[in-house]
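Below is one structure, written out as structure tokens; comments come after it.
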């Protein structure tokens, strides 16, 4: 008898490589506004962007403040005054949702798991961007459901987000559910708050210097098969 019946997947930097999509989208958006940027600018933005999403996870700011504030902070850091943030945002967001890059051949993995498990996406991303990426990558056809915080009304790692998701999963059993994701503060803390098994996808072998409970740790997504079928 299988220990788990439901898998909750994070998207960005778990099933799909967010860093590559972010690099493409940022460079594309700046080109559209007459500028060429280097990798240092991408790294600067990545740090700013991450800090804003962390604040959202803590409930300090809203999603709207994330989407605007990250570029406002970037432009201030770069002394850019000739590009309007409101004009820049949709160009970036559209580009972000127009490309995808699989992590660890994740599509093939999820396709194999489909016969034995119910699989759902849980994400804090922007609705249009995430839905488009999932459609282009084919994950929308593989998953049994897609849960996006904008639609739920509460972000990971809040228990409210997970409770809303669980209410939409037929025959849901908490003890037979596992979440797989790369973020300690969003996915794993969310799993803690939801009272479900937590599998940390940690390809870069980072240290867990938090008090977040980790039940399993993997460096490659395919390692999860040993957990699911073991």
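Looking across 141, 133, 205, 168, one residue alone is in a helix (DSSP H, G or I) and without any contact (Cβ under 8 Å) to a residue 40 or more places away in the chain. It is 141.
Could you pull out the residue among 154, 186 that is within 19 Å of residue 62 (Cα to Cα), surrounded by fewer than 20 Cβ atoms within 10 Å (Cβ to Cβ) and out of contact with any strand residue (DSSP E or B) (no Cβ under 6 Å at 6 or more places or on another chain)? Write out each step before concluding.
Details: 186 fails: surrounded by fewer than 20 Cβ atoms within 10 Å (Cβ to Cβ).
When all the criteria are applied, what remains is 154.
Taking helices (runs of 4 or more DSSP H) that do not extend beyond segment 31-111, which have at least 3 residues that are modelled with pLDDT under 95 and not assigned by TED's automatic domain parsing to the domain that holds residue 134? Show your work before the answer.
Working: elements: 39-57, 63-77, 85-96.
So the answer is 39-57.
Considering (1) free of Cβ contacts under 8 Å to residues at least 40 places away in the same chain; (2) assigned by TED's automatic domain parsing to the domain that holds residue 168, say which one residue 126 fails and leave the rest. For residue 126, the exception is condition (1).
Just a yes or no: is a residue in segment 64-75 within 30 Å of residue 215 (Cβ to Cβ) and out of contact with any strand residue (DSSP E or B) (no Cβ under 7 Å at 6 or more places or on another chain)?
Start the filter on segment 64-75 by keeping residues that are within 30 Å of residue 215 (Cβ to Cβ), which leaves 66.
Next, only the ones that are out of contact with any strand residue (DSSP E or B) (no Cβ under 7 Å at 6 or more places or on another chain) stay: 66.
The answer is yes, given that some residue of segment 64-75 is within 30 Å of residue 215 (Cβ to Cβ) and out of contact with any strand residue (DSSP E or B) (no Cβ under 7 Å at 6 or more places or on another chain).
So is residue 105 at positive phi and under 16 Å from the mean Cα position of the chain (by Cα) or not? The answer is no for residue 105.
Table: residues versus (1) part of a helix (DSSP H, G or I); (2) in the same structural domain as residue 225 (by TED's automatic domain parsing); (3) in contact with a helix residue (DSSP H, G or I) (Cβ under 7 Å, 6 or more places away or on another chain).
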{"site": "161", "(1), (2), (3)": "yes, yes, yes"}
{"site": "178", "(1), (2), (3)": "no, yes, no"}
{"site": "187", "(1), (2), (3)": "yes, yes, no"}
{"site": "192", "(1), (2), (3)": "yes, yes, no"}
{"site": "200", "(1), (2), (3)": "no, yes, yes"}
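Screening residue 147 against (1) assigned to a helix (DSSP H, G or I); (2) surrounded by 15 or more Cβ atoms within 10 Å (Cβ to Cβ) leaves a single unmet condition, (1).
Assess whether residue 116 counts as being assigned by TED's automatic domain parsing to the domain that holds residue 11, assigned to a helix (DSSP H, G or I) and surrounded by fewer than 16 Cβ atoms within 10 Å (Cβ to Cβ). Talk me through it step by step, then tell me what you get.
Details: assigned by TED's automatic domain parsing to the domain that holds residue 11: yes; assigned to a helix (DSSP H, G or I): no; surrounded by fewer than 16 Cβ atoms within 10 Å (Cβ to Cβ): yes.
Judged against the criteria, residue 116 is not a match.
The values are calculated or read from the model by the stated rules, or taken from the named source; none is laboratory data. Just so it is clear, the structure is predicted and the values come from calculations on it, not from any experiment. Virtual Cβ from ideal backbone geometry, glycine too; neighbours counted across all protein chains shown.
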